[in-house]
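A short worksheet on the structure shown next.
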Amino acid sequence: MLNDRCMFVVTIVVLVCLLLVAMLWASLLGSVDISIQDILFVIEDKLLHGSKYIDTHFEPIYEIVWYLRLPRVILSALIGGGLAICGVVMQAIVKNPLADPYILGVSSGASLGATAAIMLGIGSSLGENYIGVCAFIGALFISLAVVFMSNIGSRSNSMKLLLAGMALSAVCSALSSFIVYLANNQEGMQTITFWLMGSTAGANWNNLAYTLPIIVISILIFISQSRILNLMLLGDDVAVTLGRDLHVYRQVYLLLSSLVVGFAVYAAGMIGFVGLIIPHVVRIFSGTDHYRLLPYSALVGAIFLVVADCCCRIIIPRTEIPIGILISLIGAPTFIYLMVKKSYGFGGKN
């Protein structure tokens, strides 16, 4: 027991150190060469003194580090960690290792909200980031609709949630296509396509002010629920014999996951495969116990997206690849390999 606990702590420390190294490396990348000392100085000066260094020579470096690079790096880590841990939770909710944060119609709801905003101008009064706001509203609305539909007739269960999500996802996709067809707006179609590819380039401290506390608090809540998530893999009948009714937990977890995904979509558009691939990879070395799986997945997901965002900026010189494209190119082959190899158990009854 002591060795297991020590191994857990050591693994967490190693992953945190790798995350910090990845974030520091990401902060160094850009068209302007900035040293590690300058980056650390800017962070220290801002956090300790709350004001920028009064030096006209140093001011451009300050602006680049604090207002461009750091928000992007932090947002990448947040979204990576949030999507990865939501993937773990969704897989436990529906008892399916192929589930991801978007499986219950959240992505289609977000796409519908974004399409309506771009093509019809809905929500344009909400500010310059109205597309992300409408996408967030769409994702949250569909999540609530899934919970409502899954409770019609009888109490919801993992299968009813899955079927309701698939049905509403099809409806949202059809409505999005119908709006695009009616609008016949070539420029709007290009905007939708780019937004659906995902990007953290628009990160700023205003977005982080909303996104950071929501995602961090949600991750901490999920980590505290490891025992309930372990029970979900065993099924409702086993949970009832142990004195736990999973009905309420399942719906609360779904709504909380949708909140995380909605804010991720709001801040960076659609980024797939993170919540599907990371839990599979982490289970290989952590096992299926959510006590380890949840924090490991959050940290590995954060590291993965930070590194992927860096690669998007350096693969093609002077050109930035949308992060969704790169992750799909990495994620699809990796997922196929894991399906074929499958050297781990999902937990519960396989």
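The values are calculated or read from the model by the stated rules, or taken from the named source; none is laboratory data. A quick note: this is a predicted structure, and the numbers were derived from the prediction, not measured. Please note: Cβ atoms are built from the backbone with ideal geometry, for glycine as well, and neighbour counts cover all protein chains shown. Ligands, DNA and RNA are excluded from the accessible area calculation, which covers all protein heavy atoms including side chains. Shrake-Rupley method; radii C 1.70, N 1.55, O 1.52, S 1.80 Å.
Annotation note: Cβ proximity below 7 Å between a residue of the range 64-76 that is in contact (Cβ under 8 Å) with a residue 60 or more places away in the chain and a residue that is part of a helix (DSSP H, G or I) and open to solvent by 20 Å² or more (accessible area, probe 1.4 Å) (sequence gap 6+ or interchain) occurs for P71/W205; V73/M23.
Condition check ((1) open to solvent by 50 Å² or more (accessible area, probe 1.4 Å); (2) in a helix (DSSP H, G or I); (3) closer than 30 Å to Y291 by Cα) across all residues:
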{"residue": "N3", "(1), (2), (3)": "yes, yes, yes"}
{"residue": "C6", "(1), (2), (3)": "yes, yes, yes"}
{"residue": "V9", "(1), (2), (3)": "yes, yes, yes"}
{"residue": "V13", "(1), (2), (3)": "yes, yes, yes"}
{"residue": "V16", "(1), (2), (3)": "yes, yes, yes"}
{"residue": "L19", "(1), (2), (3)": "no, yes, yes"}
{"residue": "A26", "(1), (2), (3)": "no, yes, yes"}
{"residue": "I34", "(1), (2), (3)": "no, no, no"}
{"residue": "I39", "(1), (2), (3)": "no, yes, no"}
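Per-residue answers, yes or no, for (1) of a type in the set (A, V, I, L, M, F, W, C); (2) within 30 Å of S76 (Cβ to Cβ):
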position: A183; (1), (2): yes, no
position: T200; (1), (2): no, yes
position: L212; (1), (2): yes, yes
position: S226; (1), (2): no, yes
position: M232; (1), (2): yes, yes
position: V240; (1), (2): yes, no
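For first residues located in the range 314-343 and more than 24 Å from P279 (Cβ to Cβ), partners that are of a type in the set (S, T, Y) and surrounded by 11 or more Cβ atoms within 10 Å (Cβ to Cβ) and lie 6+ apart or on another chain with Cβ distances below 9 Å form the pairs E320/S199. Might you check whether a residue that is in contact with a helix residue (DSSP H, G or I) (Cβ under 8 Å, 6 or more places away or on another chain), within 19 Å of W25 (Cβ to Cβ) and part of a helix (DSSP H, G or I) occurs anywhere in the range 277-289? Scanning the range 277-289, I find no residue that is in contact with a helix residue (DSSP H, G or I) (Cβ under 8 Å, 6 or more places away or on another chain), within 19 Å of W25 (Cβ to Cβ) and part of a helix (DSSP H, G or I), so the answer is no. The numbered conditions (1) at pLDDT 85 or above; (2) touching a helix residue (DSSP H, G or I) at 6+ places or on another chain (Cβ under 9 Å); (3) closer than 19 Å to R72 by Cβ are all true for I314 except (2).
Yes/no matrix, rows are residues, columns are (1) of a type in the set (S, T, Y); (2) part of a helix (DSSP H, G or I); (3) surrounded by fewer than 17 Cβ atoms within 10 Å (Cβ to Cβ); (4) at pLDDT 85 or above:
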| site | (1), (2), (3), (4) |
| --- | --- |
| S107 | yes, yes, no, no |
| A110 | no, yes, no, no |
| G113 | no, yes, no, yes |
| G138 | no, yes, no, yes |
| I152 | no, no, yes, no |
| R155 | no, no, yes, no |
| S176 | yes, yes, no, yes |
| M189 | no, yes, yes, no |
| I192 | no, yes, no, no |
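The condition (being closer than 30 Å to A139 by Cα and charged (D, E, K, R)) is satisfied by just one residue among R72, R5: R72.
Among the conditions (1) over 13 Å from I79 (Cβ atoms); (2) modelled with pLDDT under 85; (3) outside any loop (DSSP other than H, G, I, E, B), the only one that V265 does not satisfy is (1). Flag not set for L161, criterion: in a helix (DSSP H, G or I) and open to solvent by 30 Å² or more (accessible area, probe 1.4 Å). Kindly check whether there is at least one residue in the range 236-252 that is under 14 Å from the mean Cα position of the chain (by Cα), part of a helix (DSSP H, G or I) and aliphatic (A, V, I, L, M). No: zero hits. Which of (1) of a type in the set (G, A, S); (2) buried (at least 24 other Cβ atoms within 10 Å of the Cβ); (3) modelled with pLDDT under 85 is the odd one out, the single condition G123 does not satisfy? Evaluating G123 over (1) of a type in the set (G, A, S); (2) buried (at least 24 other Cβ atoms within 10 Å of the Cβ); (3) modelled with pLDDT under 85 leaves (2) as the failure.
Counting only residues that are loosely packed, with under 13 Cβ neighbours inside 10 Å and either in a helix (DSSP H, G or I) or acidic (D, E) (or both), the range 178-187 holds 5 of them.
Looking only at residues of the range 290-323 that are among the β-branched types (V, I, T) and not in a loop (DSSP other than H, G, I, E, B), we find that the one that is surrounded by the most Cβ atoms within 10 Å (Cβ to Cβ) is V306.
Taken over the range 239-293, the criterion of being polar (S, T, N, Q), under 28 Å from A110 (Cα atoms) and touching a Leu at 6+ places or on another chain (Cβ under 7 Å) is satisfied by S258 alone.
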